[in-house]
Amino acid sequence: MVMNPLLETGINGIWVAYRDQMAAVEEKLHAILTGIVPLASEMTSYVVSGGGKRLRPLLMVISSRLSGAEGPEPILLAAVVEMIHTATLLHDDVVDNADVRRGKKAAHQRWGNQPAILVGDFLYANSLWLAMGLHSHEVNDSLTLACKKMSEGEILELFLDGNLEATEDQYYNVAACKTATLTASTCRLGGILGGLSDEEKEALDRFGYYVGMAFQVADDALDYMASEEKLGKTLGRDLSEGKMTLPLIHCLATSSAESRSRLVTKVGSGEIRNGDLDEVLRLMKDTGSIEYSLGRAREFTRKAQESLECFSHSLPKQHLLALSDFVISREM
């Protein structure tokens, strides 16, 4: 795969090209959060201010530009998808009992589990209510389906975690539900607002889906290779939580019987020490599991880029292509 030259500027360079729209998204988020229940406002602002690349709002803004959509609607929906994403973070951290999110204390560690769950529920409901104000059945259908699939993914992941017999297909199914459905919906929304043809909306949907898959697979590989400062969470956290992500699934499937037995014992115990992590990382290097995972992420990126072939050359298209490259190159 030939790397897009726009990638040299990184996501920040792409972000600069849409800085006015992204600033408007931040203003819209602030306005929405100012007018809601105080606890929900405080907690959501805490999570949102923790950083993050704003990948989903950026996808929304660029997809809308590609489709020719103008006006306040793309800004509103960009804020909506970011709030939906924030709701998933609140719920995820409670389920995982995470200590850190984006380099600072997870919200549930600061406010408690019940408030975090309730605020997450509120964000889902409030986001869909805001989207309904556009009076578009297509918009409503896309977002509600995404929320439904994301909830399914959360449930499926409960049965995947700690399952040492988990398969790649099971992993991909969870990744598709939890991550790719929202990025797919986000890109489709841009096409809906621009009045694109069904074929073009499907193309944007596929692009967003494969970008989401690439993002999730690359993110799971990063858990075993990035520094904690860059990752924003503890290195090897997925392993310590018994999460069956692609690197671990591949490692278990390709290790020798002796190595697999040791790995099963360590992961199955639920107590991963620093020395254990070092051994697992060595085993993953021997089996090529991290590189295998990155290869799968690159394959998803290739499929994402092929999805845009029906669109003629334009700067927004180039930005989408560069953004798809970014999700597998960040901090690697």
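None of the figures in this text is laboratory data; all of them are computed from the coordinates on show. None of these values were measured; they are calculated from a predicted model. Neighbour counts run over all protein chains shown; Cβ positions are idealised from the backbone, glycine included.
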Kirkwood-Stokes translational diffusion coefficient of region 181-224, alpha-carbon pairs, 37 °C, 0.692 mPa s, µm²/s: 306
message: If you average the C-alpha positions of region 273-332 and of region 49-110 separately, how far apart do those two centres end up, in angstrom?
response: 20
task: Just grab the label-to-label distance for residue 197 and residue 138, each label 7 Å out from Cα along the Cβ direction, in nm (one decimal).
output: 1.4
statement: To the nearest 10 degrees, the tilt of helix 38-48 (Cα long axis) against the first principal axis of the alpha carbons of the chain is 70
- prompt: Order of 19, 188, 206 from fewest to most other C-beta atoms within 10 Å?
  reply: 19, 206, 188
- prompt: If we count other beta carbons within 10 Å of each Cβ, what is the order of 147, 310, fewest first?
  reply: 310, 147
task: Enumerate the amide H contacts of residue 101 below 5 Å, restricted to partners 5 or more residues apart or on another chain; note that Pro and chain-start residues carry no placed amide H.
output: 106
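In whole percent, what relative contact order does region 5-326 give with Cα contacts below 8 Å and a gap of six or more residues?
20
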- prompt: Can you pull out the GluC sites (Glu not before Pro) in region 154-195 that DSSP calls coil and that have at most 10 other Cβ atoms within 10 Å?
  reply: 165
message: Given Cα positions, please report Rg to Rh for region 70-153, the hydrodynamic radius being the Kirkwood one.
response: 1.03
- line: In degrees, nearest 10, the alpha-carbon axis of helix 315-326 is tilted away from the dominant principal axis of the alpha carbons of the chain by 20
message: Under the 0.36 nm per residue contour assumption, what length would be gained going from the current alpha-carbon distance of residue 129 and residue 282 to full extension?
response: 50.2 nm
- prompt: In what sequence do 198, 93 fall when counting other Cβ within 10 Å, fewest first?
  reply: 198, 93
field: Among 90, 174, 132 the positive-end extreme of the charge dipole of the chain (Cβ point charges)
entry: 90
For region 5-326, fraction of C-alpha pairs farther apart than 29 Å, in %: 37
- prompt: What angle do you read, to the nearest 10 degrees and between 0 and 90, between the alpha-carbon axis of helix 137-160 and the longest principal axis of the chain?
  reply: 10
Cross-link pairs 28/303; 266/303; 105/243; 148/266 - those with Cα-Cα distance over 27 Å: 28/303; 266/303; 148/266
field: residue 299 versus residue 37: modelled label distance in nm, points set 7 Å from Cα along the beta carbon direction
entry: 4.4
